[in-house]
Amino acid sequence: MPPETPANFWGDMPEEEYYTSQGVKNTQSYFETPNGKLFTQSFLPLNQTVKATVYMTHGYGSDTGWLFQKICINFATWGYAVFAADLLGHGRSDGLRCYLGDMETIAGSSLSFFLHIRNSEPYKTLPAFLFGESMGGATAMLMYFQSPPDAWTGLIFSAPLFVMPENMKPSKVRLFMYGMLFGIADTWAAMPDNKMVGKAIKDPEKLKIIASNPRRYTGKPRVGTMRELARVCQYIQDSFEKVTAPFLTVHGTSDGVTCPTSSKLLYEKAASEDKCLKIYDGMYHSLIQGEPDENANLVLKDMREWIDERVERYGSKNL
């Protein structure tokens with residue numbers, strides 16, 4: 001029999017012991033929304049004063065556990081209180097696996113948790129940032145559009161999905177044919193699978209770890225998911241001018257999942273006065289979990305410098 005997959009990517013070390021070894025305190029809980037229960041996590045720095053909060057959203061088919069939490073842990077060790085939620089239909093949250101038929105609702109559900117924390121003691125006077133990776137970038141952007149003015153000090157996007165690459169675009173003929181079934185086919189896992197994970201991860205050892213995530217969705221994309229992703233990408237592109245918050249967006253030139261055009265268009269069209277674009281030559285899609293350590297550390301260094309500088313620049317939010 002094949003060996004049983006451990007509950008965590010680091011192996012059998014007890015969770016509390018692992019997180020303490022990383023310099024963070026982890027808590028896990030569920031948050032009720034009108035659309036289902038969200039699995040949520042917090043990562044708080046040990047022995048440091050919290051200087052700001054960061055709210056993180058993972059990508060398609062992923063979750064906030066496994067390797068995504070390495071991003072959360074890094075930010076926590078820099079003095080940030082990090083909060084993350086599995087999107088509906090992902091990880092340990094409610095919902096049909098990887099069905100994203102209404103991304104406004106999915107984004108709004110995670111946003112309700114984020115704003116609950118953001119407006120609570122002791123965080124409501126601290127700077128607050130939204131972070132989204134890949135499809136989580138599109139979801140975080142929808143959250144930004146749904147948020148009250150000035151809710152967020154800044155936005156951070158890692159290889160965001162704002163422009164669908166040609167090889168990912170759903171066939172209009174296929175969508176039309178499924179559409180003729182009056183919504184019955186919306187949840188069908190019947191769209192072509194482009195095997196994205198292999199195109200996202202450069203480091204072969206990290207690819208093995210990511211591929212072994214027991215909560216990763218490995219089925220074919222659902223009809224309604226692809227229809228909705230195409231709609232949301234177009235909506236976001238048409239709304240770039242509404243972005244006024246400071247932001248950092250990063251992308252690799254060899255990204256085989258989301259094209260760097262996503263980050264470049266946001267940078268060119270956003271109304272933000274404080275905006276930053278970083279393009280990394282030869283890097284793949286998964287800039288932090290999937291690149292060799294020296295590359296991942298370069299991306300993390302740039303993120304740390306950017307967020308530290310914004311916290312200093314914009315200070316506390318006085319309510």
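The values are calculated or read from the model by the stated rules, or taken from the named source; none is laboratory data. As the structure is a prediction and not an experimental result, all values here were calculated from the model. Because the Cβ atoms are built from the backbone with ideal geometry, glycine has one as well, and the counts that use them run over all protein chains shown.
Here are some notes:
- Residues that are in contact with a Leu (Cβ under 7 Å, 6 or more places away or on another chain) and under 25 Å from LEU88 (Cα atoms) were ranked within segment 244-261; the one that is surrounded by the fewest Cβ atoms within 10 Å (Cβ to Cβ) is THR249.
- Residue match in segment 87-97 (condition: closer than 19 Å to ILE156 by Cα and at pLDDT 95 or above): yes
- Reported count of residues in segment 111-130, each being farther than 15 Å from ASP86 by Cβ and in contact with a helix residue (DSSP H, G or I) (Cβ under 8 Å, 6 or more places away or on another chain), is 6.
- Scanning segment 288-319 for residues that are of a type in the set (A, V, I, L, M, F, W, C), modelled with pLDDT of 95 or more and under 11 Å from VAL250 (Cβ atoms) returns LEU298, VAL299, LEU300, MET303, TRP306.
- Residue satisfying condition, being touching a Cys at 6+ places or on another chain (Cβ under 9 Å) and assigned to a loop (DSSP other than H, G, I, E, B), within set GLY91, GLY61, GLY101: GLY61
- VAL243 passes every criterion in (1) touching a strand residue (DSSP E or B) at 6+ places or on another chain (Cβ under 7 Å); (2) closer than 25 Å to TRP78 by Cβ apart from (1).
- Going through (1) charged (D, E, K, R); (2) exposed (fewer than 15 other Cβ atoms within 10 Å of the Cβ); (3) over 19 Å from the mean Cα position of the chain (by Cα) one by one, ARG231 falls short only on (3).
- Number of the exception - THR244 against (1) in a loop (DSSP other than H, G, I, E, B); (2) over 15 Å from MET164 (Cβ atoms); (3) in contact with a helix residue (DSSP H, G or I) (Cβ under 6 Å, 6 or more places away or on another chain): (3)
- Filtered residues of segment 6-21 (kept if touching a residue at least 24 places away in the same chain (Cβ under 8 Å), part of a helix (DSSP H, G or I) and closer than 15 Å to THR64 by Cβ): TYR19
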